1. Which ones in region 424-481 are among the basic types (Lys, Arg) and either within 30 Å of LYS153 (Cα to Cα) or touching a strand residue (DSSP E or B) at 6+ places or on another chain (Cβ under 6 Å) (or both)?
2. Mind telling me which of the residues ALA393, ALA403 ends up being crowded, with 20+ Cβ neighbours inside 10 Å and either touching a Gly at 6+ places or on another chain (Cβ under 6 Å) or farther than 30 Å from TRP326 by Cα (or both)?
3. Do the conditions hold for GLY88, that is, is it farther than 21 Å from ASP237 by Cα, surrounded by 16 or more Cβ atoms within 10 Å (Cβ to Cβ), of a type outside the set (A, V, I, L, M) and touching a Phe, Trp or Tyr at 6+ places or on another chain (Cβ under 6 Å)?
4. From the list LEU85, LEU107, LEU119, which one is in contact with a Lys or Arg (Cβ under 9 Å, 6 or more places away or on another chain) and modelled with pLDDT under 95?
5. Of the residues that sit in region 100-157 and are over 21 Å from the mean Cα position of the chain (by Cα) and part of a helix (DSSP H, G or I), which one is surrounded by the most Cβ atoms within 10 Å (Cβ to Cβ)?
6. If VAL312 meets every condition in (1) surrounded by 23 or more Cβ atoms within 10 Å (Cβ to Cβ); (2) of a type in the set (Val, Ile, Thr); (3) in contact with a Phe, Trp or Tyr (Cβ under 8 Å, 6 or more places away or on another chain) apart from one, which number is that one?
7. Report yes if some residue within region 66-75 is modelled with pLDDT under 90, on the phi < 0 side of the Ramachandran plot and among the basic types (Lys, Arg); otherwise report no.
Amino acid sequence: MPTKPSRKTQSRPTPAAKKPAPTRPTPAAGVHKIAPQTDAARRLRQEVIERADRHQVQVVNLWFTDIVGQLKSFVVPRHQLEEALEEGLGFDGSSVEGFARIYESDLLAVPDPSTFAILPFQVDGQVACRLICDIHHPDGRPYQGDPRWVLKKNLEALSAKGLTMYTGPELEFFYMKSPHDPTTLDDAGYFDMIDDNLGTELRQKTMAAMASMGIIVECGHHEVAPSQHEIDLRYCDALKMADQVMTYRYLVREIARRHGVHATFMPKPIFGVNGSGMHVHQSIFDGGKNLMYEKGAPYHLSQFGRSYTAGVLKHARELVAVTNQWVNSYKRLVPGYEAPAYLAWGQKNRSALIRVPMYKPGNEKATRIEVRFPDPAANPYLAFAVLLAAGMAGVNGKYELRAPFEEDVFHLSSDERKKAQIEELPGSLDEAVKLAEQSALVKACLGSHVFEKFVENKRIEWDRFRIQVTKYEIERYMPMI
């Protein structure tokens, strides 16, 4: 399912919290070793230790994410690596958005050895590695507030059927002069090649850094808007890809920072031009067989693929609060700027919510759907989880896929869209959260803890936004009222 370039598009609502400080896990009755004790697990942990020694690692970065997908990290010396791999390292989860309450705040960050990678630059002159962590209770139980656990739980349910989800996202982003100065670095457009351009240099450096960390890049290019870029990743299983998306965002921003530039994944940072999207290519495999493909079927899309697509379409309105989680997200999802706002699908129609890329003879493994409405500021663990849940609801419920729509939906009148029975995505975060609150599918997918904390977080963000007096209001109303 190789992804191809296609035309297209964080602030926290709660006060900044102190960074979690690593602590030693407190022994208690029933506490057991966190890391699996199989021979394969031991060998993998030993390989990590040997690689760390071979690269002369001095510091270990332990990464995890909060509920809205903000990367969290604490750094420990090399001598802590063995303990971290065997038992996890304790921290106070009460300061992490969407995590534990004060009286249940002791948590463990347990590194996943398969995520070991050397960072492509030194930190204060020291060689550093990173490991992505699962979050556990001190007694070894997975912590239900951990977004990575949410995705793993949904993927395990799929794996129980012998199936695997593959994703290949296309993330767009902007380079700006600084976090407080949205001046762009160029006036180029789609696929433009610009000589002696800082943005192009930064993008290429980032692609090289990704490769050094084991992330396979398909391609990188300039996008439609000024100073907007995209780097596409080679498809892989959904958990590994979510880890890669978190690494992608870190590398883009950190490499820009080191060159005196700000990179942003804000969905709509500039009025009047395209925003940034995260088009998620996805397919489901049964071993080596792509269940999306059927020889001779329309679009070469199997009945499984058709029902999966129908599921994402049917549930899109209720899950968009997760895939497009910020107030600013809904300033991108408007007609006219290549971001899909209407519930339709097609093959050549880039105004549709879902596109089925054209089939290449002999390449049935590449048959997939491209879900075009998510944005790159989503929490990838939760976004991939709800997209999977919606698609599989369509498969399990045998949803029928409506006929494709190949016209430009943006240019249809409201009466024409109504006649074609084409619904719209929510027009604001407030509307999206209300739909999510009513969704049994989203609640079951996220689990009650993450569901409730996520809704609470988004309500707070909306309430803080709606009381603001904007520059537009001052300029529009002060002279006339």
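The values are calculated or read from the model by the stated rules, or taken from the named source; none is laboratory data. Values in this document were obtained by computation on a predicted structure and should not be read as measured data. Glycine also receives a Cβ, built like all others from the backbone with ideal geometry; neighbour counts cover every protein chain displayed.
1. Of the residues in region 424-481, the ones among the basic types (Lys, Arg) are 434, 443, 453, 458-459, 464, 466, 471, 476.
Selection gives LYS434, LYS443, LYS453, LYS458, ARG459.
2. Details: ALA403 fails: crowded, with 20+ Cβ neighbours inside 10 Å.
Result of the check over ALA393, ALA403: ALA393.
3. Working: farther than 21 Å from ASP237 by Cα: yes; surrounded by 16 or more Cβ atoms within 10 Å (Cβ to Cβ): yes; of a type outside the set (A, V, I, L, M): yes; touching a Phe, Trp or Tyr at 6+ places or on another chain (Cβ under 6 Å): no.
For GLY88, the condition - farther than 21 Å from ASP237 by Cα, surrounded by 16 or more Cβ atoms within 10 Å (Cβ to Cβ), of a type outside the set (A, V, I, L, M) and touching a Phe, Trp or Tyr at 6+ places or on another chain (Cβ under 6 Å) - is not met.
4. Details: LEU107 fails: in contact with a Lys or Arg (Cβ under 9 Å, 6 or more places away or on another chain); LEU119 fails: modelled with pLDDT under 95.
Selected residue: LEU85, the only one of LEU85, LEU107, LEU119 that is in contact with a Lys or Arg (Cβ under 9 Å, 6 or more places away or on another chain) and modelled with pLDDT under 95.
5. Ranking the candidates gives PRO113 first.
6. So VAL312 meets the others, but not (3).
7. From region 66-75, those modelled with pLDDT under 90 are 74; that's our starting set.
Next cut, on the phi < 0 side of the Ramachandran plot only: 74.
Checking the rest, the ones that are also among the basic types (Lys, Arg) come to none.
Scanning region 66-75, I find no residue that is modelled with pLDDT under 90, on the phi < 0 side of the Ramachandran plot and among the basic types (Lys, Arg), so the answer is no.
The rows are residues; the columns are (1) polar (S, T, N, Q); (2) modelled with pLDDT of 95 or more; (3) over 19 Å from LEU429 (Cα atoms).
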residue: ALA341; (1), (2), (3): no, no, no
residue: TRP345; (1), (2), (3): no, no, yes
residue: ASN349; (1), (2), (3): yes, no, yes
residue: LYS365; (1), (2), (3): no, no, yes
residue: PRO380; (1), (2), (3): no, yes, no
residue: GLY391; (1), (2), (3): no, yes, yes
